[in-house]
Amino acid sequence: MSSFDSITRRSLIKLIALASPAVSLLDVAASAEHPASNPEAGSRMHRPCLFYNAASLVRIKQMLAADAAASAALKKRGDELLAAEFYPQSAADVGGGQQASFRSPATQIEDMGLTLGLLFHLTGEERYAVKLRDALLYYSHYDRWAGPGLAERFLPWHSVLETTNFSFGYAAGYDALHGYLSVADRNTIAETMVRLAILPILNDWILPGARVHAFDSMGHNWWGVCVAGAGLSALALLGDDPRASQWIDAVDAGYLQWFNYPGNVLQNRMPTFERSGPSYEGVGYTNYGVSEYLHYRFAWQNTFPARKAARIEPLDHLATFFLQTLYPTSTGSLAVNFEDSSLGADSSATVLLLIACGLGTPDAARYLAHVHTHPGGTLLSLLRQRPQPTAQGDAPTSVLYSRMGWATMRSSWLNDATMLAMKSGYTWNHAHADAGSFIIFKQGVPLIIDSGTCGYGRPEYAHYYRLSRAHNVILFNGEGQSPEDIDHGTKFPGRMDSLIDGLGLKYVCADATGPTARWFSRNYRNWLWTGDVILILDDLRAHTAGSLDWLLHFDGSYTANSPGTVTLKNGPAEAVVKILHPPVTHREETGLADHNPDKKIPYLAFTPQTEERLRQFITAICLNPAAVPEFELLQGLNYIGVRMRTQHTVEDIYINLRAIDDSIHMNSAVQIGEWLTDAYLLHLTRSSGGEQVQRYFIGDGSYLRRGSQSLIESLSKLTACWSQNDPLELFSNDGSASVQLAAERVPQSVRWNGRTVPTSYDRQKKLVSLKGAQ
């Protein structure tokens, strides 16, 4: 397999990033005298400088010399571009609308600007420069780099995503051929960039007096992508146009505001970026929007080596998001495909740009180590030869993005492990109506799936893929979230809360009430993963009695074993799904395949036999079908639960109904056998045949008592998992500043959320007081 399976801007940027030092392409020794550090001295700039320079070209030549297949593939792509015919504007205008068919010429000149320009400098062969020059002059005859439909808007637009593709190609091409072009040609190309890229983009997105867009209307990936085109073109013209430095300053200021956009109450908008990295639009569009900014930042830092780029907090954590949404397998890698994303999403080029911009982290190294989209011998294996930030050990196996409402859990970081991803957040545009949904990867393949997406021009996109029924949620009388949420934004977004990962137990809670408030005043979904079983506890209160459908989308096939129980199978991956409570029937519904709306696929709907206002579901996903536990339903006054027996453990889990139905001024206390608690959830783990509790878990509780002995006490409710071993260990959310735990004697040490904390011990009450962990 060639090192370049297809030569694209992304693959070449990877190669260029590899050839660059960690902070800048330019040698430190040359940076002090580089004239670009003075914006007004640009006419004396040493070009090319945006994406590569003399020093990095030497390194690229060395890399290609060591990989004959990569070198041959690059030259083959160059030959294809040399033979390519240009697109007349009449062809680009086909289809009308805001983008029409401009994608083809835009990506062609983008490809030519980087590929032919790089080949010209690598080989010295003039044919590459001639073809690139002809392309730059040809597309300068277009009267716009956007579809004709923009002029029909109330406030006409002048730029779209494709405008940035054009801009990238022109900036890279102008930078590469600056010393080759005649003065007349250079002036023509420069004037084209100003007329068709810089001014249309800046007037649409940034400049006062002419600006059309606000972050509140188009502050998602479009803003970041489009503005990058103006920024790159301005950098290319630095020194040749006296306005360039002002344009660059406007772009820089705009990006700072874009990354820090706080949202808008009246327009139902949430912040575009979490401080911890991602955009609510998911993996694919986070990667797209940020990667275009990083292309600009990469070129900016190479142009201004003596200046320090502004700190943008989400970029410090972005690699962690890409890592935590990655699923490595033995034969490749997959990504969480919530929203309009893809299972094959590959963010490695963006991660390498982060490193090249001096924003590398241990998780960036981990991502490059775990992503297997490109097998050995491909370009990515070349890139791994580049020193990366040291990553000691593995990343956490669970993570919560509370603002955007995502969480992921995995059994380990080994290939083909089991991974669970959950979502209950914002809905708008690319963010689907899927509050409370989840997916599972197992043994290298998707098993419980998101329906994905399709081409935006297809009617199925709006009428199936983005709607609730295309996701693993609960419908009321066949309906989920309002479709209006997709166009207008969710007024009350969902949220994920109370992540726990410790002592062999993982837990998180989703609140999907806000997005489904037209049907429910209470819509909570809890995931509790213990051993080979993922328990899903749903807690619903509808405004009126009605029919509920518990949806299950899967890849592969299913076998119905008994009422409420099915076995899912996709290649080597299997799991048994059991609705333990209430009694249900199931039926097969028809859905659509991911990225293939012409292919119909089945999914399942589990429906209780009676209609109720209040309903709890208890579902077990058994990851080892060869050893499905024995389940026993446990019901009593004010509680419902199940007992789960495996070869080694007996585990009880209870839902406290008083925590659901009682007045807020009551303490929601419930007696469950010998246990007294005010916790919403209680989970107890014993060894098989033993009476001693080995692990405790409470969800949203302030105490658990057994007879006269307190096991845990907290003045405010918290979610916590702990054992009474010595050393004593507690994992909790941030629900309390101090906690008391039972201990027969003074423990040697106490760890709270992985940190050793100071304690005091009450010998009479046999309680250890923990403070200061939060």
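The values are calculated or read from the model by the stated rules, or taken from the named source; none is laboratory data. Keep in mind that what you see is a predicted model, and the values were worked out from it rather than measured. FYI the Cβ positions are ideal-geometry reconstructions off the backbone, even for glycines, and counts take in every protein chain you see. Accessible surface is based on the protein model in full, side chains and every heavy atom, while ligands, DNA and RNA are left aside. Shrake-Rupley method; radii C 1.70, N 1.55, O 1.52, S 1.80 Å.
Within 10 Å, count the other beta carbons around each residue, average over each peptide in 698-707, 676-685, 748-757, and list them highest first. Don't jump to the answer; show the numbers that get you there.
Working: 698-707: 20.5, 676-685: 22.8, 748-757: 14.9.
Sorting 698-707, 676-685, 748-757 by mean packing, highest first, produces 676-685, 698-707, 748-757.
Mean 1/r over all different Cα pairs, inverted: what Kirkwood radius does the chain give, in Å?
Numbers: mean 1/r = 0.0352 Å⁻¹.
It works out to 28.4 Å.
Kindly provide the Kirkwood hydrodynamic radius of segment 432-495 in Å, to one decimal, from all pairs of distinct alpha carbon atoms.
Working: mean 1/r = 0.0781 Å⁻¹.
Over segment 432-495, the inverse of the mean reciprocal pair distance is 12.8 Å.
Can you give me the accessible area per residue for segment 490-649, using a 1.4 Å probe, in Å²? It would help to have the intermediate numbers written out before the result.
Values: 6530 Å² over 160 residues.
Here the per-residue accessible area is 41 Å².
Taking a quarter of the surface of the convex hull around the Cα atoms of segment 76-231, what do you get in nm²?
9.4 nm²
Against the empirical 2.2 N^0.38 Å scaling, what ratio does the C-alpha Rg of segment 207-310 come to?
Values: Rg = 14.3 Å, N = 104, 2.2 N^0.38 = 12.8 Å.
Taking the Cα Rg and dividing by 2.2 N^0.38 Å, one obtains 1.11.
For the Cα atoms of the chain, what angle does the longest principal axis make with the long axis of helix 103-123, in degrees from 0 to 90, nearest 10?
So the helix axis and the longest Cα principal axis differ by about 70 degrees.
Compute the angle between helix 313-324 and the longest alpha-carbon principal axis of the chain, please, reported from 0 to 90 degrees and rounded to the nearest 10.
Once rounded, the angle reads 60 degrees.
To the nearest 10 degrees, how steep is helix 68-83 against the longest Cα principal axis of the chain, on a 0 to 90 scale?
Orientation of helix 68-83: about 60 degrees from the principal axis.
Gap in Å between the Cα centre of segment 398-467 and the Cα centre of segment 268-289?
The distance from the Cα centre of segment 268-289 to that of segment 398-467 comes to 15 Å.
Calculate the length of the line joining the C-alpha centroid of segment 571-648 to that of segment 669-707, in whole Å.
One Cα centre to the other: 25 Å.
Where does each of 100-113, 258-271 land if you order them by average Cβ count within 10 Å, highest first?
The peptides rank, most packed first, as 100-113, 258-271.
With 24 Å as the cut-off, how large is the P(r) tail for segment 444-547, expressed as percent of Cα-Cα pairs? Provide the component values of the computation, followed by the final result.
Details: 1863 of 5356 pairs.
So the pairs more than 24 Å apart make up 35 percent of the total in segment 444-547.
Stokes-Einstein D for segment 230-380 at 37 °C, 0.692 mPa s, Kirkwood Rh over Cα pairs, in µm²/s? List each step's numbers first, then the result.
Details: Rh = 16.6 Å.
The diffusion coefficient I find is 197 µm²/s.
Using the heavy atoms of the protein chains alone and a 1.4 angstrom probe, what is the accessible area of segment 719-759 per residue in square angstrom? The partial results should precede the final answer.
On the way: 1980 Å² over 41 residues.
For segment 719-759, the solvent-accessible area averages 48 Å² per residue.
Using a 1.4 Å probe on the protein heavy atoms, what percent of the accessible area of the chain belongs to carbon and sulfur? Walk me through the numbers before you get to the answer.
Details: 14670 of 29050 Å².
Carbon with sulfur: 51 percent of the solvent-accessible area.
I'd like the antiparallel share, as a percent to the nearest 5, of DSSP beta bridges with both residues in the chain. Before the final figure, lay out the partial values.
Numbers: 148 of 152 bridges.
Here the share of antiparallel DSSP bridges comes out near 95 percent.
Using only helices, what value at 222 nm comes out for the chain when you add -39,500 (n - 2.57) per DSSP H run of length 4 or more and divide by the total residues, to the nearest 500 deg cm²/dmol?
Details: 20 runs with 217 residues, N = 774.
After summing the helix terms and dividing by residue count, I get -8500 deg cm²/dmol.
Taking a 31 Å limit on the Cα-Cα distance, which of the listed pairs Lys308/Lys506; Lys442/Lys491; Lys76/Lys442; Lys506/Lys578 fall beyond it?
On the way: Lys308/Lys506 42 Å; Lys442/Lys491 35 Å; Lys76/Lys442 39 Å; Lys506/Lys578 19 Å.
Among Lys308/Lys506; Lys442/Lys491; Lys76/Lys442; Lys506/Lys578, the Cα-Cα distance tops 31 Å for Lys308/Lys506; Lys442/Lys491; Lys76/Lys442.
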